[in-house]
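The values are calculated or read from the model by the stated rules, or taken from the named source; none is laboratory data. Just so we're clear, the structure is a prediction, and the values are computed from it rather than from any experiment. Neighbour counts run over all protein chains shown; Cβ positions are idealised from the backbone, glycine included.
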Amino acid sequence: MTSGTESVAPEPRWRQVLASLTPDRRRVLYAFGAAILVFVVGDLLHSGFASTASVKAILVIASFVGFVAAGQTFVILVGGIDLSVPWVLNGAAILLVTSSLGRDGRAAQAILLTLALGLVTGLANGIGVAYLAVPAVVMTLGMNGIMEGLSLGLSKGLTCASCASYAPKAVQNIVRSDVLGVPADLFLWLGIAIVITFLLNATTFGRRIYAIGNNDTAAFLAGINVRLVTVVLYMLSGLFAALGGIVLVAYGGQATLGMGDPYLFQSIAAAVIGGVSILGGRGHYLGALAGSITLVALVSVLLAENMPDWGRSVVYGGAILVILLLYGRERRHL
Amino acid sequence: MTSVTQAEHYRSRSRFQHFTIQSAPLLLALIMLAGMAALYIGLFYRQLSRLPGNFEWTSVVNTSMPLVFAAVGQSIVVVTRGLDLSVGGMIDLTNGLAATHMHAGTGSMLAWSLLVLLIGGAGGAINGILVAYGRLQPILVTLATLSIFQGLAIKVLPEPGGAVPLEYTKFLANPNGPWGLAFVVLIGAAWLVFRRTRFGVDVFAIGNDEEAARAHGVRVRATKVGAYVLAGMFSAAAGLFLAATTTSGDATSGDVFVLTSIAAVVLGGISFFGGRGSAIGTVAGAFVLTLLINVLFFADINPLYQSFFQGLFLVVAVLLGTLIRRLVGMRG
């Protein structure tokens, strides 16, 4: 982040740095602050909650939300939304196990095939939204149904012979093997976060995304191919939903029906908690990353507290509201 | 097209053309309903060599009613340019409350129906206040309250079960005849009145242009709260109808209505950009969705592919709607 380059001054340095940040970047910091706060409170309530092993386990689960939220962030940045996440993810997970049949030799092809599935669904979403002017909510809602039907129908309700296959060991290792004492999956997440942050902040493609999100007419008049960029973003969203399916099946071993359902609302909530404006044009992936960690850590604290299902659901919704009220409000009218 | 030529277009249209363009989405929804009903009758006849009778139509009406109510509530919010995802949680909660607390006897049934509607209104008020006074985006507020309502529903009814008095089922979802249509007529009449009240005009004004509405003295925030309160009450009514048709409760059975209510609104021709549409179209949209499930069944389509055809139908219907509206608009 942008620290350290400011000139020396007598006032507290942190305050200067904070003041020098844009509101969007401050929101990213708040999101990280919220994540850390949840860990601290969790550790106070439940000693050992912030231990290395526990933090690692929570971060791995947060990465699943984080991958899906990456795609969601891209489309939200241009004022869109992707409701097709649950069954693109679920279909991807089923495709991975059925095409690899659990063999390491087929892992690479299976992963490529699965990611291609994500890209194709995203392409269809993007064409519908950008070229055929179907509202994003409708297009991606329809696509979710289409993918649900195809996943259920082609796998015969997940009763097909190859449907019970496990993810290849090589794929399972993404989540299960440690590199330098840290799960490989977390390095993948870090790498993706760096690439996306670079893409959004230091490339013309990234600037185009923000331009479209702020005002698509102005962006069009400035010579940006708004439709093409939109299609690419929906493809990225599909790609990341498929990636979410791959790591989730790597974690659980097998594909299950409905495994993608929690990831729709969690991916949107993570992005928004991280300061990504649902109206488009504002926000950073690092915020969504912090939002994913906050959400998953919060659920973990509630689980550690043995809070019943219903209480978790209520606290979860309440926490999102509190965070939104703290910094998700729009400007006052007039 | 520049604004000047648009304005000229506007003036050059006749009254009849205006009416057609304004009501095109509603007409399309009704045509779609007629088409879907014809398809249903045709497929039914091919399979059973007779026309669908009282039993079949009653079942179509009774299974449609919860969606009709949920979707009409959703329509009011969508007209203000909002979205209510908490519909599902509110139906879970109210359905659970009805199944656990309602006892035989007119007093209990009436009291609990009213109480459940009030709870729906209160939930809607929370949404509305957070949206209007909290200045939060509707989709995010209702995402959070969806989770809260779902949690409360599980608290009320941890496992599927409970029961609704038989007389209640007879009243709301009479299995002997499509009497539920009486409620549809009531909704239609209420909508026509609503459109002519100050509140109704304000709701549409906000959806068309919030700033302009504010400048014209519309009490934007209060009106928005009102819209969400109504939506909450309609969701509660949907929960009651669901309890009546299934004669028991399930704290997760309302979840599907988040997406189906949006689908019905879309098929009903209500614009997602606010300020346009009719709840009568939404009612047609809700019936289209129920009929579609029956059509797929009688077309011998593997039920596993049901969502595929529903999703495809939604996208294609919206595409066709856009196309036809463009053609109609261009003629003017």
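Overview of results
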| read-out | value |
| --- | --- |
| Among the residues listed as B:F272, B:F241, B:F287, B:F257, the single one being aromatic (F, W, Y), within 18 Å of B:V77 (Cα to Cα) and modelled with pLDDT of 90 or more | B:F257 |
| Test: residue in the range A:271-291 that is away from chain B (no Cβ under 14 Å), charged (D, E, K, R), surrounded by fewer than 23 Cβ atoms within 10 Å (Cβ to Cβ) and not in a helix (DSSP H, G or I) | no |
| Residue check, B:T245 more than 14 Å from chain A (Cβ to nearest Cβ) and not aromatic (F, W, Y) | yes |
| Tally, over the range A:171-209, of residues that are surrounded by 14 or more Cβ atoms within 10 Å (Cβ to Cβ) and small (G, A, S) | 3 |
| Tally of residues being at the interface with chain B (Cβ under 7 Å from one of its Cβ atoms), over 18 Å from A:Y263 (Cβ atoms) and in a helix (DSSP H, G or I) across the range A:126-147 | 4 |
| Condition check for A:A319: within 11 Å of another protein chain (Cβ to nearest Cβ) and more than 26 Å from A:N90 (Cα to Cα) | yes |
| Flag if B:V203 is in a loop (DSSP other than H, G, I, E, B) and at pLDDT 90 or above | no |
| The range A:213-223, subset surrounded by 19 or more Cβ atoms within 10 Å (Cβ to Cβ) and more than 25 Å from A:F265 (Cβ to Cβ), residue nearest to the chain's Cα centre (by Cα) | A:D216 |
| Filter result for A:A53 (over 15 Å from A:L239 (Cβ atoms), without any contact (Cβ under 8 Å) to a residue 60 or more places away in the chain and in a helix (DSSP H, G or I)) | yes |
| Failed item, numbered, when A:G245 is tested on (1) in a helix (DSSP H, G or I); (2) more than 9 Å from chain B (Cβ to nearest Cβ); (3) over 26 Å from A:V75 (Cα atoms) | (3) |
| Single match in A:L117, A:L150 (criterion: within 14 Å of chain B (Cβ to nearest Cβ) and touching a residue at least 24 places away in the same chain (Cβ under 8 Å)) | A:L150 |
| Those helices (runs of 4 or more DSSP H) lying entirely in the range B:45-147 with at least 2 residues surrounded by fewer than 24 Cβ atoms within 10 Å (Cβ to Cβ) and of a type in the set (A, V, I, L, M) | B:54-79, B:106-132 |
| Filter pass, B:A205 being within 14 Å of another protein chain (Cβ to nearest Cβ), in contact (Cβ under 8 Å) with a residue 24 or more places away in the chain and over 27 Å from A:D309 (Cα atoms) | no |
| Every residue from the range A:82-109 that is away from chain B (no Cβ under 14 Å) and crowded, with 24+ Cβ neighbours inside 10 Å | A:L89, A:A92, A:A93, A:L95, A:L96, A:V97, A:S100 |
| Test: residue in the range A:96-107 that is touching a Gly at 6+ places or on another chain (Cβ under 8 Å), assigned to a loop (DSSP other than H, G, I, E, B) and modelled with pLDDT under 95 | no |
| One residue from A:S267, A:S237 being within 13 Å of the chain's Cα centre (by Cα) and modelled with pLDDT of 95 or more | A:S237 |
| A:G223, sole failed condition from (1) without any contact (Cβ under 8 Å) to a residue 12 or more places away in the chain; (2) part of a helix (DSSP H, G or I); (3) out of contact with any helix residue (DSSP H, G or I) (no Cβ under 8 Å at 6 or more places or on another chain) | (2) |
| Residues (over 21 Å from the mean Cα position of the chain (by Cα) and not aliphatic (A, V, I, L, M)) located in the range B:284-311 | B:F297, B:F298, B:D300, B:N302, B:P303, B:Y305, B:F308 |
| Lone qualifier among B:F287, B:F313 - being over 24 Å from B:G188 (Cα atoms) and assigned to a helix (DSSP H, G or I) | B:F313 |
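For every residue, the table says whether it meets (1) within 17 Å of B:F149 (Cα to Cα); (2) among the small types (G, A, S); (3) touching an Asp or Glu at 6+ places or on another chain (Cβ under 8 Å).
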{"residue": "B:N54", "(1), (2), (3)": "no, no, no"}
{"residue": "B:T80", "(1), (2), (3)": "no, no, no"}
{"residue": "B:V87", "(1), (2), (3)": "yes, no, no"}
{"residue": "B:D92", "(1), (2), (3)": "yes, no, yes"}
{"residue": "B:I119", "(1), (2), (3)": "yes, no, no"}
